[in-house]
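A.B. asks: Sharing a structure, written as structure tokens. Questions coming.
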Number of protein chains: 2
Amino acid sequence: MSLNPADDRFAALLRSKLGDGVLRPVGERYLEEPRGRFSGRVGLLALPRNTDEVAELVKLSAQAQVPIVPYGGGTGLVGGQVMSAGPAPLVISLERMTAIRSVFPTENVLVAEAGAVLQDVQTAAEAVDRLFPLSLAAQGSCRIGGNLSTNAGGVNVLRYGNARDLCLGLEAVLPSGEIWHGLSRLRKDNTGYDLRNLLIGAEGTLGIITAASLKLFPRPAGVGTAVFQVASPEAAIDLLALARDKVGEGVSTFELIHRQGLDFLTEVLPDVRQPFASPPEWSVLIELGLADGQSPFAALEELFVRAEELGQVQDGVIAQSEAQRADLWTVRERIPEANRLIGSVSSHDISIPISRIPDFICEGRELIAGLGPFRINCFGHLGDGNLHYNVFPPKGQHRSEFDDQRGAIKQTVHDLVYAFDGSVSAEHGVGRLKTNDLERYGDPAKLGAMRAIKLALDPQGIMNPGAVLKG
Amino acid sequence: MSLNPADDRFAALLRSKLGDGVLRPVGERYLEEPRGRFSGRVGLLALPRNTDEVAELVKLSAQAQVPIVPYGGGTGLVGGQVMSAGPAPLVISLERMTAIRSVFPTENVLVAEAGAVLQDVQTAAEAVDRLFPLSLAAQGSCRIGGNLSTNAGGVNVLRYGNARDLCLGLEAVLPSGEIWHGLSRLRKDNTGYDLRNLLIGAEGTLGIITAASLKLFPRPAGVGTAVFQVASPEAAIDLLALARDKVGEGVSTFELIHRQGLDFLTEVLPDVRQPFASPPEWSVLIELGLADGQSPFAALEELFVRAEELGQVQDGVIAQSEAQRADLWTVRERIPEANRLIGSVSSHDISIPISRIPDFICEGRELIAGLGPFRINCFGHLGDGNLHYNVFPPKGQHRSEFDDQRGAIKQTVHDLVYAFDGSVSAEHGVGRLKTNDLERYGDPAKLGAMRAIKLALDPQGIMNPGAVLKG
């Protein structure tokens, strides 16, 4: 299907139908993405104020066969938000649709427009003494519509699930321009196919999410945080099982940290206060959120004592104040920043069945060593089996010296992930960065079904062309 | 698309390709369903032994344009498992594919074939000290493939979610006969559209689930059960909030019971031991499952004391032994049996946003009273907003005397549900019973998308024709 650019004539059409208030000059930020791998083409930028305007924009684009890029906070890491080839698109940014439409504390439900910034959703939940648990580094600027479109993950997935698991209903504009009014607040509704989960994670290729009803949770009465030094990744996995035996769903966060990340902090962010005098090979950040009458501090102490008896942990720091808690989190949260300052040759957002992670780490280390003297920082959401596996140049050398090896590293890591029944996109999505990987590693029957669904719902191919599925 | 019957010629073709072992005589039970509303047509019955045989059967049916009815345990309540119009179908029953293929205790994952009986899946989880929490009345005969195809609910949804929430991956045969190998054990995998959730709840109209990887959970160290008399449905909802404030996710079950159900037990099942000498207007069955070191009995006692201070509860029984626990559960579990013995004029499986349930109950009572002197038994999974709302004849009269009012009652209840933003199929599905309701109450944009997806994945319309979407 041939598409037409969002040009001056199309702009005039949009103005004639929607007035002057919706189109804006296309600022640089709409043409860039955080990793600098893709740059967008200058088309038109629309900032609709409500769902009807989104629907009108989509309808007119469908009639004119103009491609659309739905735009959230622009924080995605796989290029889903910038169309770098083909006719210049209409970028539809949801940034003016930021309302928290309603809150139902008794039902643990909040309805937000797609442009609401994640942190504002969290704050609105806190205002009624509830928790909206989606939490990730970009929460100050990413928007909930983007979080849902990419099925975002973050540090609380272990307990509360991905963005998908936190959504009860959607309002969305389908590629035809029709509005789906699906803002259900129901926990159970078996009336027909699961369109909600089809749009979640479709990265804007099947429609534009305009609002969502979201699940809230009771706020844990007490929260406790610790960093434990563990003997190995195996020991970390055993420790997680022990913790869940002791406090059940109370384990909110379980993050693996490798010495390499701590060394990077020492190297480029020396102000970050580290928990141990000498950085351990492996450690975990663990957070418990417990209900009324239970002491997270005591639970962490008991856990440490028992885990030490079992040889799982060697040393540990349990936060005794909010300030200490913040310090422990700072270590985990600033590792990605240290990574960026060092500059990786290749970064991977992978997941592996959790019992196979230790073997994966060993084999990965050997294979990468075979390619050169690279440094590996392997860290992340161990509780979910999701690791960030980033490969860096040797100390004193720059990533640019290894540009020609990036492809080999990526393929080595991804092939290994595939051999371990893992995923090459655990939480970031496919975007435009991983469309080849999807074709290489994806199941052919599933890919065929995906293509059939895309063609059925978006026969002209106007919704975010080139993302997820190659054009 | 015109379809052909599964006749002798087709049987001969199947035998020539698959041998003699797969086809069986069509027993009565494949042509009936529990409520006796639909009866199937006699076509052919195939009992494949493995996924390749399922794929071969589907491929041959697609070539011959023969309709297929996928068959699990046959316990569905909406006629999804019997095709009562059109050419006689090929029934493909998964009952010979019952293997628990593998168990990964460290990962909290179990892989079962679709024909595994739900109770056998629960038992396999227990054998490795884990919990598979899907639990419902038919668990001794329903099969996990059917549970997933209908997105079954049950008594533990409040804590653990629907069948959908308990599934990590699927193996399925698509309508083309292709096998999708999607038995992921990953908690996070953002590679492409969510085909898993599309097949879950599609009631066999988009493919045949042949195996599933399922989530297991730590078994709560201690379980406590109580029945509390509550002042009203409002008080029950407040009590639930109080309980969740106290024990967080520890609340596994929260079931509303109305006096009508207890009166029915007294009337037709007098051996059932009831918790209160005089049946209260409203009561709730509450179950807590707590981790190591916490006492569910003490937690229930504390909850009762606090709730009594707040005026939410008037009386209560906390089980002090396994035998007492079983007695309390028996009351809840035998109410559906009492309902069947009394014989309802019309039964409804509905969900309502939880904060609106008290008003719904009041308005429903008034509207039904306007139709006649009916008795209403409204009970069920209050914690999920899912009520079974069943309307019975006056005492001493038989349901058959009110056949001509069934339509009016059904429409009155469903219209009210719709006005309260609820669902007319909370956990049972659409099947063939509610296709008209889906068209009447469904969102037109969603229905359009559903039809497009069905046509894209099953262009010949061979998969369970007439279920979910009208032919």
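A.B. asks: Suppose a student asked you for the relative contact order of region B:100-218, using Cα pairs under 8 Å spaced at least 6 residues apart; what percent would you report?
C.D. replies: On the way: 235 pairs, mean separation 39.2, N = 119.
In percent, rounded to a whole number, it is 33.
A.B. asks: Mean separation of Cα pairs under 8 Å and 6+ residues apart, divided by the residue count of chain A: what relative contact order is that in percent? If you can, show how the numbers build up before the last one.
C.D. replies: Working: 972 pairs, mean separation 74.3, N = 471.
Reported as a whole number, the value is 16 percent.
A.B. asks: Can I ask one more? Which entries in A:Lys188/B:Lys410; B:Lys17/B:Lys59; B:Lys188/B:Lys215 show an alpha-carbon gap greater than 18 Å?
C.D. replies: On the way: A:Lys188/B:Lys410 20 Å; B:Lys17/B:Lys59 11 Å; B:Lys188/B:Lys215 13 Å.
Beyond 18 Å: A:Lys188/B:Lys410.
A.B. asks: Please report the orientation-averaged projected area of region B:325-410, defined via the convex hull of its C-alpha atoms, in nm².
C.D. replies: Values: hull surface 24.7 nm².
Orientation-averaged projected area of the Cα hull: 6.2 nm².
A.B. asks: Here is a follow-up. From Cα pairs below 8 angstrom and at least 6 apart in sequence, can you work out the relative contact order of region A:343-411, rounded to a whole percent? Could you put the intermediate results ahead of the total?
C.D. replies: On the way: 91 pairs, mean separation 32.0, N = 69.
It rounds to 46 percent for region A:343-411.
A.B. asks: Another question about this same structure. For chain A, return all DSSP H helices satisfying: extent of Cα atoms along own axis at least 27 Å; mean Kyte-Doolittle hydropathy at least -1.0.
C.D. replies: Values: long enough: A:322-342 (29 Å, -0.76).
Taking the DSSP H segments of chain A (at least 27 Å long, mean hydropathy at least -1.0), we get A:322-342.
A.B. asks: Can I ask one more? Estimate for me the total accessible surface buried between chains B and A (protein heavy atoms, probe 1.4 Å, no ligands or nucleic acids), in Å² to the nearest 100. Intermediate results must be reported in sequence, preceding the final value.
C.D. replies: Working: alone 20250 and 20220 Å², together 34170 Å².
What B and A bury together is about 6300 Å².
A.B. asks: Take every DSSP beta bridge whose two residues both sit in region B:343-428, then give the antiparallel share in percent to the nearest 5.
C.D. replies: Taking every DSSP beta bridge within region B:343-428, about 95 percent pair in antiparallel fashion.
A.B. asks: Taking the Cα centre of the protein assembly as shown as the origin and placing charges on Cβ (Lys, Arg +1; Asp, Glu -1), which of B:Met83, A:Asn190, B:Cys378 is farthest toward the positive end of the dipole?
C.D. replies: Farthest towards the positive end: B:Met83.
A.B. asks: Another question, if that's okay. From the phi of every residue in region A:175-180, what ³J(HN,Hα) in whole Hz does the Karplus formula 6.51 cos²θ - 1.76 cosθ + 1.60 yield, where θ is phi - 60° and glycine or proline is x?
C.D. replies: Calculated HN-Hα couplings, in order: x, 6, x, 5, 9, 8 Hz.
A.B. asks: Can you give the charge dipole size of region B:343-428 about its Cα centre, rounded to the nearest 20 debye, using +1 on the beta carbon of Lys and Arg and -1 on the beta carbon of Asp and Glu? Walk me through the numbers on the way to the answer.
C.D. replies: Numbers: 7 positive and 11 negative charges, 58 e Å.
Taking the Cα centre of region B:343-428 as origin, the dipole is about 280 debye.
A.B. asks: While we're looking at this one, here's another question. If I take the Cα coordinates of chain A and project them onto the principal axes, what are the three extents in Å, biggest first?
C.D. replies: 72, 56, 43
A.B. asks: Here's something else I'd like to know. Given the whole protein assembly as supplied and a 1.4 Å probe, what does the accessible area of B:Ile368 come to in Å², nearest 10?
C.D. replies: For B:Ile368, solvent-accessible area is about 0 Å².
A.B. asks: For peptide B:173-185, how many partner chain Cβ atoms fall within 10 Å of a residue's Cβ, on average?
C.D. replies: On the way: counts 1, 5, 1, 4, 1, 6, 3, 7, 4, 3, 1, 6, 9.
That average works out to 4.
A.B. asks: Taking a 1.4 Å probe, which of A:His428, A:His348 shows the most accessible area, and what order do the others take after it? Write down the numbers at each step before the final one.
C.D. replies: Values: A:His428 40, A:His348 5 Å².
In descending accessible area the options line up as A:His428, A:His348.
A.B. asks: Okay, next question. Of the heavy-atom accessible surface of the protein assembly as shown (probe 1.4 angstrom), what whole percent is carbon and sulfur?
C.D. replies: Values: 16280 of 34170 Å².
Summing carbon and sulfur atoms, their accessible area is 48 percent of the total for the protein assembly as shown.
A.B. asks: Taking the Cα centre of region A:312-373 as the origin, how large is its charge dipole in debye, to the nearest 20, when only Lys and Arg (+1) and Asp and Glu (-1) carry charge on their Cβ atoms? It would help to have the intermediate numbers written out before the result.
C.D. replies: Working: 6 positive and 9 negative charges, 16 e Å.
It comes to approximately 80 debye.
A.B. asks: Now for a separate question. What whole-number distance in Å separates the alpha-carbon centres of region A:334-376 and region A:159-231?
C.D. replies: If we compute the Cα centre of each part, the gap is 30 Å.
A.B. asks: Quote the accessible area belonging to B:Ser423 in square angstrom, nearest 10, computed with a 1.4 Å probe and with ligands, DNA and RNA left uncounted.
C.D. replies: It works out to around 0 Å².
A.B. asks: Just order B:409-418, B:213-222, A:2-11 by mean Cβ neighbour count inside 10 Å, highest at the front, would you?
C.D. replies: Values: B:409-418: 18.8, B:213-222: 20.8, A:2-11: 15.8.
Sorting B:409-418, B:213-222, A:2-11 by mean packing, highest first, produces B:213-222, B:409-418, A:2-11.
A.B. asks: Another question about this same structure. Of all beta bridges DSSP finds with both residues in the protein assembly as shown, what is the antiparallel percent, to the nearest 5? List each step's numbers first, then the result.
C.D. replies: Working: 120 of 140 bridges.
DSSP beta bridges in the protein assembly as shown are roughly 85 percent antiparallel.
A.B. asks: Another question about this same structure. What accessible area, in Å² to the nearest ten, does a 1.4 Å probe give for A:Asp238?
C.D. replies: Result for A:Asp238: roughly 80 Å² accessible.
A.B. asks: Okay, moving on. Rank B:Gly431, B:Leu328, B:Gly396 by how far each Cα sits towards the positive end of the charge dipole of chain B (+1 on Lys, Arg Cβ; -1 on Asp, Glu Cβ) and give me just the farthest.
C.D. replies: My answer, from the dipole projection, is B:Gly431.
A.B. asks: Another question about this same structure. For peptide B:438-449, what's the mean number of Cβ atoms from other chains within 10 Å of each residue's Cβ? Please report the intermediate quantities before stating the final value.
C.D. replies: Details: counts 2, 0, 0, 1, 2, 10, 4, 13, 12, 4, 5, 16.
The mean count of partner-chain Cβ atoms within 10 Å per residue comes to 6.
A.B. asks: Still on this model: Using a 1.4 angstrom probe, figure out how much accessible area the protein assembly as shown has per residue, in square angstrom, rounded to the nearest whole.
C.D. replies: Result: 36 Å² per residue.
A.B. asks: Would you be so kind as to identify which of B:Ser295, B:Ser278, B:Ile352 lies farthest towards the positive end of the dipole of region B:263-380, taking Lys and Arg as +1 and Asp and Glu as -1 on Cβ and the Cα centre as origin?
C.D. replies: Toward the positive end, the furthest listed residue is B:Ile352.
A.B. asks: A follow-up question, please. Enter the mean number of other protein chain beta carbons within 10 Å of the beta carbon of each residue in A:151-160, as an integer. Intermediate results must be reported in sequence, preceding the final value.
C.D. replies: Numbers: counts 4, 1, 3, 0, 0, 0, 2, 1, 1, 1.
The mean count of partner-chain Cβ atoms within 10 Å per residue comes to 1.
A.B. asks: Given +1 on the Cβ of Lys and Arg, -1 on the Cβ of Asp and Glu, and no further charges, what dipole in debye does chain B carry about its Cα centre, rounded to the nearest 20? Please report the intermediate quantities before stating the final value.
C.D. replies: Details: 45 positive and 56 negative charges, 272 e Å.
Approximately 1300 debye in magnitude.
The values are calculated or read from the model by the stated rules, or taken from the named source; none is laboratory data. Just so it is clear, the model here is predicted, and its values are computed rather than measured. Because the Cβ atoms are built from the backbone with ideal geometry, glycine has one as well, and the counts that use them run over all protein chains shown. Accessible surface is based on the protein model in full, side chains and every heavy atom, while ligands, DNA and RNA are left aside. Shrake-Rupley method; radii C 1.70, N 1.55, O 1.52, S 1.80 Å.
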